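Asks: Quick one: the structure is below, and I'll ask about it shortly.
The values are calculated or read from the model by the stated rules, or taken from the named source; none is laboratory data. Just so we're clear, the structure is a prediction, and the values are computed from it rather than from any experiment. Counting neighbours? That spans all protein chains shown, and the Cβs are built from the backbone with ideal geometry, glycine included.
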Amino acid sequence: QKFVYDFTEGNKDLKDLLGGKGANLAEMTNLGLPVPPGFTITTEACKVYLDSGDEPAELRDEVGAHLAALEKRMGKNLGQADDPLLVSVRSGAKFSMPGMMDTVLNIGLSDDSVVGLATQSGDERFAWDSYRRLIQMFGKTVLGVDGDLFEEALEAAKDAKGVTVDVDLDAADLKKLVKQFKKIVARDAGRDFPQDAREQMDLAIKAVFDSWNTDRAKLYRRQERIPGDLGTAVNVCSMVFGNLGPDSGTGVAFTRDPASGHQGVYGDYLQNAQGEDVVAGIRNTVPLAELESIDKNSYDQLMKIMETLETHYKDLCDIEFTIERGHLWMLQTRVGKRTAGAAFRIATQLVDQGLIDEAEALQRVNGAQLAQLMFPRFDDEATTVLLGRGIAASPGAAVGKAVFDSYTAVKWSRSGEKVILIRRETNPDDLDGMIAAEGILTSRGGKTSHAAVVARGMGKTCVCGAEEIEVDTKRRRLTVGDTVVEEGDLVSVDGSAGKVYLGEVPVVPSPVVEYFEGRMHAGADDADELVAAVHRIMAYADRVRRLRVRANADNAEDALRARRFGAQGIGLCRTEHMFLGERRTMVEKLILADTDAEREAALDALLPLQRADFIELFESMDGLPVTVRLLDPPLHEFLPDITELSVRVALAEARKDANENDLRLLQAVHKLHEQNPMLGLRGVRLGLVIPGLFAMQVRAIAEAAAHRRNAKGDPRAEIMIPLVGTVQELEIVREEADRVVAEVEASTGTSLKLTIGTMIELPRAALTAGQIAEAAQFFSFGTNDLTQTVWGFSRDDVEASFFTAYLEKGIFGVSPFETIDKDGVGSLVRSAVAAGRATRPDLKLGVCGEHGGDPESVHFFHEVGLDYVSCSPFRIPVARLEAGRAAA
Ligand code: ADP
Ligand code: MG
Ligand code: MG
């Protein structure tokens, strides 16, 4: 087995073996670009090391042989005293991972060879600068020395000299610093800085291997679901020097603007600097365009190389380069990150340039990016004061008055104020306040903190971990430096950028939403460039997708919006919303009914109201299917809260004027009270124990459909029975429904072609799907309830309680309510699809529930062969796009 590849031996498709960095260094080498020679130790070697605790026996010799070849080629040996070859040791896994080891530069320098380097380069300062960098990086990343110790010593040296930047330290200063650094290593690491070059290199290689298993790296992998056994590659690359004076430097560049996608000159350059200096902000960089006047030759060459890379990778690339005394070297490239808007623009630009086709363009964007483009944004934030930055935990733009506790948030929002809830961190007690607030801001905690998880779940704007902000809940204010924000002051929270502003920043609607709403057209002028790109990509997606996309909508307004967003019907109309508001008293009457006559009267009163709702709905979705779910929630949800009512009745009794109705209500509330309503009297069970309820709903649907038909409309109603666990339940409901529909057809003289189906949302339903399909014309997977019942946890409770801990421990990378749990819930869906279709080949299959608008889940539903997904109106474009991507 071969464990080491020269840069000339690899290519970009060997990322598994050579890691991303190594594969691309090889690719550039083979393209004839100026890459400093070197070699890559494979991830296989790392795996052996991690499994056995030791490097493979052959590795030392193989590395030796490649090093010897490198030395021969460079005409000098690693660490050679009079003219040392120096190398960098760079980690590089298949996926770039925070928490893994940093790169060590200048390996090969020692007390002896630093003198040789000074002589050879004719620059003593440079040699000692390189040596102190080596000891610093090696000490910190290989020997585990606290990096601050070096930073402090460096600061002290600058202070002593009265200078502010490292380039003002001369050779003598740096010599002194090297001495101090070596002392720091000896003291903190308990060993001397190794003087032997090969030992330096070997220790660094091992340290890269070991860094695969740091706690941070492990946690990151668990959360991102990167397999733990991939291992990392190690790149050994001969050094080139950007710190050899003003005709040297180092920089980063993009082949196009990662913000707009436009082609041009984007990047930063720093003269007389090495490695990370350019991004570490130790001195001010200059825009890349200025390199043209600093070093025209290198600049021109770089521009050519960027063009080569773009055509070769057919995508935006980012680049690290170094110029050594007027000679340009390429040190890294990869397909670069970009903003959501740029992703759409670049994809269509590349199609126009003939570099990629439409199917490929679809793979270059994703639903998360589209969703991001659909949030409103702040306009003109420059005119207000930036209070601080934190983690962009949940996107959106929210403005409101600062409040520092949940109680105030609720109180103020009840009186019509918009509020931003500001806490050091949130916990389950803050839930009411979070619901009441426009946005949430915390000064502690990361992407998996309570605030972040809950806010994302609620779709609420949130910035968390804004550390510069001091939150003082006792005094109800926050401070940032000298700025104080008191309770009631306006603040603006940008959850997409992770920024917080003082005062009110004007909010502008998303142009992409304006476009979907039909208020903006995909014209070609500059402002609409993004919209034009989105328009084209959506057209590609619609052309190729197999999944149809429907909306979850309960009223005509939502339905019309959903249609504008591209919905091909309604996949879930919840009827419980039609029982709220003023109709609540009618529902109370129904629940309290003692006699058949009372009950029938209550139902008769509800019938025309429901019918009118459905007429509107069918009209708004004319020609498209509308799935109406019969009443699902437990009845107590329509009754007053048990505690409030008890108190009211008790007070009234004390005054001796208890009212008869309240007493009966209280009795009913007690009777209906359940320990576990989620698993109680709800769904089809209601239909079976409350005579006439489902019949009334079916009649309302059928009469509405008949009404629309007589008005020359094209209603396509589908009646859906919730929470079925066994085919017998469905059969009983169907018999009654069929009878009611037949009656309506007969009395109105229409043929309604209604279909009747069921939700599959209990494990038993999924497990007996073959039987259930005998009575159902369609299945709609209710993956919210199915997830609750398969996992045995209640969504309403767990997201706020132990999910944060689960996410932090990496038990799941994302909540199973957000992305379908393919292995568990998903496998039930898969087998139910097969069993259902075996019974009834033309069974129509869909999914309703949050997962219908989740990108990863949409791909899963495509793969298991559903006919459609249904999601909230706002998620429809995302579902269309992902359905297209899944099919392309
Ligand atoms: P990262 O993965 O953090 O980007 P790199 O391995 O790319 O780490 O290296 C960190 C910095 O050191 C980068 O700026 C890179 O360009 C620079 N660097 C790495 N190897 C060399 C080398 N052989 N010569 C000069 N600079 C190098
Ligand atoms: Mg790099
Ligand atoms: Mg349900």
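Asks: Considering only residues of region 225-256 that are among the hydroxyl-bearing types (S, T, Y) and either free of Cβ contacts under 8 Å to residues at least 40 places away in the same chain or within 9 Å of ligand 1 (Cβ to nearest atom) (or both), which is nearest to I41 (Cα to Cα)?
Replies: Selected residue: S238.
Asks: Select from region 100-119 the residues that are away from ligand 1 (no atom under 12 Å from the Cβ) and either closer than 17 Å to G275 by Cα or assigned to a loop (DSSP other than H, G, I, E, B) (or both) and list them in ascending order.
Replies: Matches in region 100-119: L109, S110, D111, D112.
Asks: If a residue counts only when it is over 30 Å from A805 (Cα atoms) and more than 16 Å from ligand 2 (Cβ to nearest atom), which helices (runs of 4 or more DSSP H) contained entirely in region 199-310 have at least 2 such residues?
Replies: By residue number, 291-294.
Asks: Considering only region 682-724, how many residues are more than 16 Å from ligand 3 (Cβ to nearest atom), at positive phi and either touching a residue at least 24 places away in the same chain (Cβ under 8 Å) or not assigned by TED's automatic domain parsing to the domain that holds L630 (or both)?
Replies: 1
Asks: With R325, R423 as the choices, which residue is touching a strand residue (DSSP E or B) at 6+ places or on another chain (Cβ under 6 Å), of a type outside the set (G, A, S) and away from ligand 3 (no atom under 16 Å from the Cβ)?
Replies: R423
Asks: Considering only residues that are surrounded by 20 or more Cβ atoms within 10 Å (Cβ to Cβ), modelled with pLDDT of 90 or more and not small (G, A, S), which ones fall in region 376-400?
Replies: L387, V399
Asks: What about T408, is it out of contact with any Gly (no Cβ under 8 Å at 6 or more places or on another chain), assigned to a helix (DSSP H, G or I) and of a type in the set (S, T, Y)?
Replies: Judged against the criteria, T408 is not a match.
Asks: Next up: Exactly one condition in (1) in contact with a helix residue (DSSP H, G or I) (Cβ under 9 Å, 6 or more places away or on another chain); (2) modelled with pLDDT under 95 is not met by F321; state its number.
Replies: Unmet for F321, out of (1) in contact with a helix residue (DSSP H, G or I) (Cβ under 9 Å, 6 or more places away or on another chain); (2) modelled with pLDDT under 95: (2).
Asks: Separate question: Take the residues in region 644-690 that are polar (S, T, N, Q), modelled with pLDDT of 85 or more and in a helix (DSSP H, G or I), then tell me which one is farthest from D594 (Cα to Cα).
Replies: This residue is S646.
Asks: Please return the ranges of helices (runs of 4 or more DSSP H) entirely within region 546-627 where 1 or more residues are within 32 Å of the chain's Cα centre (by Cα) and in the same structural domain as C848 (by TED's automatic domain parsing).
Replies: Those helices (runs of 4 or more DSSP H) span 556-564.
Asks: Any residue that is over 22 Å from G846 (Cα atoms), away from ligand 1 (no atom under 16 Å from the Cβ) and of a type in the set (D, E, K, R) - is there at least one of those in region 764-780?
Replies: No; the residues of region 764-780 include none that is over 22 Å from G846 (Cα atoms), away from ligand 1 (no atom under 16 Å from the Cβ) and of a type in the set (D, E, K, R).
Asks: Go through region 328-339 and give me each residue that's away from ligand 1 (no atom under 16 Å from the Cβ) and surrounded by fewer than 22 Cβ atoms within 10 Å (Cβ to Cβ).
Replies: T339
Asks: List the residue pairs whose Cβ atoms are under 7 Å apart, where the first residue sits in region 135-163 and is under 14 Å from K179 (Cα atoms), the second is aromatic (F, W, Y) and assigned to a helix (DSSP H, G or I), and the two are 6 or more positions apart or on different chains.
Replies: Sorted first by the residue in region 135-163, then by its partner, the pairs are I135/F181; Q136/F150; Q136/F181; G139/F150; G139/F181; F150/F181; A153/F181.
Asks: Something else now. For region 791-826, which residues satisfy the criterion of being within 13 Å of ligand 3 (Cβ to nearest atom) and either touching a strand residue (DSSP E or B) at 6+ places or on another chain (Cβ under 7 Å) or closer than 13 Å to M678 by Cβ (or both)?
Replies: S794, R795, D796
Asks: Can you confirm whether region 353-370 contains a residue that is crowded, with 20+ Cβ neighbours inside 10 Å and within 30 Å of Q274 (Cα to Cα)?
Replies: The answer is no, given that none of the residues of region 353-370 is crowded, with 20+ Cβ neighbours inside 10 Å and within 30 Å of Q274 (Cα to Cα).
Asks: Sort through G388, G445, G400 and tell me the only one that's part of a loop (DSSP other than H, G, I, E, B) and in contact with an Asp or Glu (Cβ under 7 Å, 6 or more places away or on another chain).
Replies: On inspection, the qualifying residue turns out to be G445.
Asks: Restricting the search to region 57-98, which residues are in contact with an Asp or Glu (Cβ under 8 Å, 6 or more places away or on another chain) and either in a loop (DSSP other than H, G, I, E, B) or within 16 Å of ligand 3 (Cβ to nearest atom) (or both)?
Replies: K76, N77, G79, A81, K94, F95
Asks: Further, regarding this structure: Within region 53-60, identify whether any single residue is under 30 Å from R222 (Cβ atoms), under 36 Å from the mean Cα position of the chain (by Cα) and away from ligand 2 (no atom under 16 Å from the Cβ), and answer yes or no.
Replies: yes
Asks: Moving to a separate point now. Determine which member of the set T789, T839, T783 is among the polar types (S, T, N, Q), more than 30 Å from R216 (Cα to Cα) and surrounded by fewer than 17 Cβ atoms within 10 Å (Cβ to Cβ).
Replies: T839
Asks: Could you give me the residue pairs with C-beta distances under 9 Å whose first residue belongs to region 503-518 and is closer than 15 Å to V531 by Cα, whose second residue is of a type in the set (D, E) and modelled with pLDDT of 90 or more wherever it lies, and which are 6+ apart or on separate chains?
Replies: P509/E517
Asks: Also, quick follow-up: Which numbered condition trips up V163, out of (1) part of a helix (DSSP H, G or I); (2) over 30 Å from L18 (Cα atoms)?
Replies: (1)
Asks: Separate question: Answer yes or no as to whether G770 is touching a residue at least 40 places away in the same chain (Cβ under 8 Å) and not in a helix (DSSP H, G or I).
Replies: Criteria not met by G770.
Asks: Within region 497-511, count every residue that is crowded, with 20+ Cβ neighbours inside 10 Å and touching a Gly at 6+ places or on another chain (Cβ under 8 Å).
Replies: 2
Asks: Here are some residues: V647, V727. Which one is assigned by TED's automatic domain parsing to the domain that holds G846, more than 16 Å from I591 (Cβ to Cβ) and not aromatic (F, W, Y)?
Replies: Step by step, each of V647, V727 is checked, and only V727 is assigned by TED's automatic domain parsing to the domain that holds G846, more than 16 Å from I591 (Cβ to Cβ) and not aromatic (F, W, Y).
Asks: Looking at A253, A197, which one is farther than 30 Å from G813 by Cα, assigned by TED's automatic domain parsing to the domain that holds F138 and either buried (at least 22 other Cβ atoms within 10 Å of the Cβ) or not hydrophobic (A, V, I, L, M, F, W, C) (or both)?
Replies: Testing whether each residue is farther than 30 Å from G813 by Cα, assigned by TED's automatic domain parsing to the domain that holds F138 and either buried (at least 22 other Cβ atoms within 10 Å of the Cβ) or not hydrophobic (A, V, I, L, M, F, W, C) (or both) leaves just A197.
Asks: Which one is nearest to the chain's Cα centre (by Cα), of the residues in region 633-667 that are surrounded by 14 or more Cβ atoms within 10 Å (Cβ to Cβ) and of a type in the set (V, I, T)?
Replies: The residue in question is I642.
Asks: Another one. Over 23 Å from the mean Cα position of the chain (by Cα), in contact (Cβ under 8 Å) with a residue 40 or more places away in the chain and not assigned by TED's automatic domain parsing to the domain that holds D268: which single residue out of L350, L387, L331, L370 fits that description?
Replies: None of the others qualify; the one that does is L387.
Residue by residue, here is whether (1) assigned by TED's automatic domain parsing to the domain that holds I811; (2) touching a residue at least 12 places away in the same chain (Cβ under 8 Å); (3) more than 29 Å from S260 (Cα to Cα) holds:
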| position | (1), (2), (3) |
| --- | --- |
| D432 | no, yes, yes |
| V471 | no, yes, yes |
| E486 | no, yes, yes |
| K499 | no, yes, no |
| H521 | no, no, no |
| L530 | no, yes, no |
